[in-house]
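Readers should treat all values here as calculations from the given coordinates under stated rules, not as data from a laboratory. Since this is a predicted model, take the numbers as computed values, not measurements. Here the Cβ is made from the backbone with ideal geometry for all residues, glycine too, and neighbour counts use every protein chain on show.
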Amino acid sequence: MSPSRRPPRQLPQMNNLPPLPAPFVGRDEEIADAHRLLMDHRAVLVHDPEDRQYGYGTSQLAISYGHLYTQHYELMWVFDCARDPDPVRLADRLAEETERLHEAFEKDLGRPLDGPTAADWLYIFDNAEDPGGLRPHFPEGNARILVTSRKTGEWEPNARLLVGPLARPDAVRLLMENMGLDQRQAARLADTFDGHPHQIVRAGEAVLAGKVTVEQVTTVTEIARMAPPPPDRHTPSPALPAQYRADVPDRARTSLRSSLLRSTVCRDSGSYRRWMAALRLRPTATVLPEAVTVNLSMAERVDLLLDTVFEQEDPEFVLALADTVAAETDAAGTGRQMADSVRAIAEELAARWQGSRQASPAEPAEVPSCFFFTSWHNRDVDFDEALKFHNLLEKRVTAKLGGRVTRSGFFDKMMQHGATWEPKLIEAIRTTRLMVPLITEGYFQREWCRREWAVMVQRMANLNADPGQEPIAILPVFWVRPLDGWDMPADFGPYQHSVHSGGRPEYDGDVYDLVADDKEELNNYVSTLAQSMVALSRTRLPHLDRDLVKKLPLAFRDVNDRAV
C-alpha cells in the first residue's frame, strides 16, 4: 500500500468513519492481528464467539483499526449491514450507501469513481448477519475489506479473527488505568461482566461519575440475569400466501432497483445520462424526460424509472432496459455481475407480463381509484417543480383525511401516453373524486388536458344535483398565469375561483414561483388547497364508464389558437 503524506492520525479525505470509540481499550493485539491478516487476504472477517449471546466489540475494533492504520489507506468507507437477514433489503441498503460513496467521491474529488478499487482503499461491512452472503456485494478490484459479524458462516478459517472476552487481568488493569477505580472495584466489575468490554466500560464510567456504586451495579446485574428470556417474536403463519403477507416486499421491483443502483449505469450522473440516451433510442421504450434527473439522487431517479417500467408492464420495454444496461456495461468494461442480475430479473418479468397478456389480451390491468388527480400539461421545463407540488399536496391531503383512502393522489408524469399507460390514466380520471389542474396557456390546448376536464364535468353532470347544489370536483391551480390578452375559455370560468380562501386573500401569482422560491408561502397555499379539497370531498361522484372517456367531446372548444 502506498504511503500517505497526511499527518499521523488524520483520516483520508474520502471516509465516513465514525469518531474513534472512546474509551476503546484492551484490543491492541487484535487490531494488529487484523492488519496482518489484511496484508495476506483481501477480505477478513472479525467475529464474536458464536456461543455467546452478546457482541464483544467487533464494530469498535473495525473502527479503531481504521483510525489507527489511517496512513495505509487513501479511502475508507463503512457499510452498515444492520444484521439484516433479508438479502433483498440488505442489497438495497448497500446500494444506497454505495450511491452516497459515488456522489461524495465525485463532489469532493471532481471526478467519477470509475474502474476497479485500489489496494489502499478500505471497505468495512459492519454487523453482517451472513458474512459469506456479502461476497457478491464486494467491489471489483483490490480494496481491503473488513467484515464484522457475530457469526462465521462458511468463511475460511485462515482469514478470520475471533474477538472474545477480555482476560480478567486485562479488564482489571484497564478499569484501573482508564476509569480511576481501585483494585477492589475493578476486580468486582471485571467478574460481574465476564470480560464484555462495552459493559465493563459503561459500568466503569457510571461508577467514576458517581451515578452508582460498584455494589449497586453488581446487584442490578444479578437481578437482571434472573429474569426469564423474552418471548420469541411472532412470525407470520406459513400457511398464509406470501403475496398477502404485509412483511413480504415486492421482490421483483426491489431486486431490480438494487441491481440497477449497483450497476455501471448508475455509478454517477454521467453514466446515468448516457444510459438514458441509449434507452430512448429503443422504439419500445417510453421513459421519463431528462428533467427527471435534475436535483434528484440516483435512488430517486431509479425509482421514477421503475414507476414507468411497472406501470407499463411491457415485456419489450423491460428487455430493452436490460439490453441497454448490458451494452453500457460492456463499454465500461466493468460491472458484468450486476448487468447479468438485471438481465435475469428483466427476463423473469417479461415472461410474467407476456403470460398475463396472453391470458387476457383485451383487459388492461386496472389501478385503484385515487382521491385526487393532478392534471398537468407535461412540460420538460418544470417537471421537477410539478412533481414536488403534487407530492407536497398528496402528503397534506393524506394527513387531513386520516388514512380514509388507500391512494391519495395520481400524478400524470408521462410525456407521451403509450398503449399501456393510457388505460391507467383513464381509470384514474374516471374514478377520482377531485381534479387539480395546473393551469398554463398550454393546458387549454393539450388534448389530454381537455379530455380530463371534459370527463370531470360530465361526471358532475351525471350526479343530477338540484340547481345550486352541484358538487365542485375541479379546483384549478394557476401554475403559470396566461399572459395579458389571453382569452380564457368559457368552460373555465365557473371553476377558476373554486379554491376556498379560508379568510385569506386569494393568491394572485404563479404557484410555480412558490414551489421554486417561497417555501413558507407554498406551505400556506397547499394547506388552503388541501382544506378545500377535504371540505369538497363529501359528495361522491358517479364513475364514468371506461368506454365513454375517449368519446366525450373535448373541453375548451372556444380556446384561441395562440401558439404555446
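Some notes on this structure:
- Counted charge near residue 105, where neighbours are those whose Cβ lies closer than 14 Å (Asp, Glu -1; Lys, Arg +1): -4
- Residue 129 long-range amide H proximity, modeled H, under 5 Å: 83, 84
- Highest mean packing first, where packing is the average number of other Cβ atoms within 10 Å per residue, the peptides 447-454, 303-310 line up as 447-454, 303-310.
- Trypsin sites (Lys or Arg not before Pro) lying in DSSP loop within the range 30-89, provided at most 16 other Cβ fall within 10 Å: 42, 52, 83
- Those trypsin sites (Lys or Arg not before Pro) in the range 297-357 that DSSP places in a loop and that have at most 10 other beta carbons within 10 Å: none
- Shown in residue order for the range 539-551 are the 3J(HN,Hα) couplings computed by the Karplus curve 6.51 cos²θ - 1.76 cosθ + 1.60 at θ = phi - 60°: 8, 8, 6, x, 5, 8, 4, 4, 5, 7, 4, 8, 9 Hz (x for Gly and Pro).
- Summing Lys and Arg as +1 and Asp and Glu as -1 over all other residues whose Cβ lies under 10 Å from the Cβ of residue 531 gives a net charge of +2.
- Rough spin-label spacing in nm, given labels placed 7 Å along Cα→Cβ, for residue 547 and residue 138: 6.3
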